[in-house]
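The structure under discussion appears below in the form of structure tokens.
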Amino acid sequence: MAKSKQTYEEIRQKRMEENKKRMEELNLTKLSQSLLSKPSPVKKGNPRTFRPAAALTPVRRSTRVADRPTVSYKELPVETLERTRRSYSYRRRGFGVYASSEARASAIDKAEQIQSRLGADFPSFLKPMVQSHVSGCFWLGLPVYFCKSHLPLRDEMMTLEDENGDEFQTKYLAQKTGLSGGWRGFSIDHELVDGDALVFQLVSPTRFKVYIARAYDSEDNENKADMEEDNEGKENIDNDKNSDSKHLDVIAKRTRASRK
């Protein structure tokens, strides 16, 4: 191992001496020293010049618009348009009340008389109202045979015109053959209740003339609403009495137990 180390050191020393002789022959040592002693040149940058502020001169305009006033691009506040929306009270006259069979039959008879007076110039159909038509989901299904024969084959906006000439926009769904959006407003505005019967007359491809036959007159509706309020008041009174009596019974039992 010692001999191998000595031979390696000797070989290394010889190679270093050979490299040193080569560098002296090529004058590399002098060149490196001269480069180190010589300072590196400093690059001189161009001096920064500032442009003078340009004078504010009016923009040249075309001769076609020279006589017109200058346009102002100043942002002005936009006035928001107030959107009038109809507000409906959830509890209406006749809401949640089911019509009797006599009242329902009476409304249908009235609607049939109205339909007979319309004539055959325009197609029409009769539709009795039920709870789902006038409350809850407010979905009005139309007769399938009438829709297939006379109404559009795709979804369209239909106009409902009442007897006073007021118009309401509703959404007709061709696949489901019924009226959805907008029918709620028509129903609430006309205070339709369960048992009423309506006659729809198609006066144009997307317009219905609607005639209403009431199951109850206005006086009957008022009496029915008053009866509902009286019944609700009686039920509240009975509930209060029952709660008071139960409370007194509990107090009496406690006093008896304490005496024993």
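Computed from backbone phi with θ = phi - 60° and the Karplus coefficients 6.51, -1.76 and 1.60, the 3J(HN,Hα) list for the range 204-217 is 8, x, 10, 9, 10, 9, 10, 10, 10, 10, 7, 6, 10, 6 Hz; x is used for glycine and proline. The listed peptides 107-114, 154-161, 11-18, ordered by packing as a protection proxy, come out as 107-114, 154-161, 11-18 (highest mean of other Cβ atoms within 10 Å first).
Counting only protein heavy atoms and using a 1.4 Å probe, the accessible area of Phe186 comes to about 0 Å².
Distant-in-sequence amide contacts of Gly178, defined by a placed amide H-H separation under 5 Å and a gap of 5 or more residues or a different chain, comprise Leu142, Leu173.
Working note: Karplus 6.51/-1.76/1.60 with θ = phi - 60° gives the range 15-28 the couplings 5, 5, 5, 5, 5, 5, 4, 5, 5, 5, 5, 8, 6, 6 Hz, where Gly and Pro are set to x.
What shape does the range 96-201 have by the C-alpha gyration tensor, where a ≥ b ≥ c are the square roots of the eigenvalues, rounded means a/c under 1.5, and otherwise prolate means a/b greater than b/c and oblate the rest? The shape class here is oblate.
Across the range 162-175, coupling constants 3J(HN,Hα) worked out from phi with the 6.51/-1.76/1.60 Karplus curve, θ = phi - 60°, read 7, 5, 8, x, 6, 10, 9, 8, 10, 9, 9, 9, 5, 5 Hz, and Gly and Pro carry x.
The values are calculated or read from the model by the stated rules, or taken from the named source; none is laboratory data. Model, not experiment: these values are computed from the prediction. Every residue, glycine as well, gets a Cβ built from its backbone with ideal geometry; the counts of neighbours run over all protein chains shown. Just the protein is used for accessible areas: all its heavy atoms, side chains included, with ligands, DNA and RNA removed. Shrake-Rupley method; radii C 1.70, N 1.55, O 1.52, S 1.80 Å.
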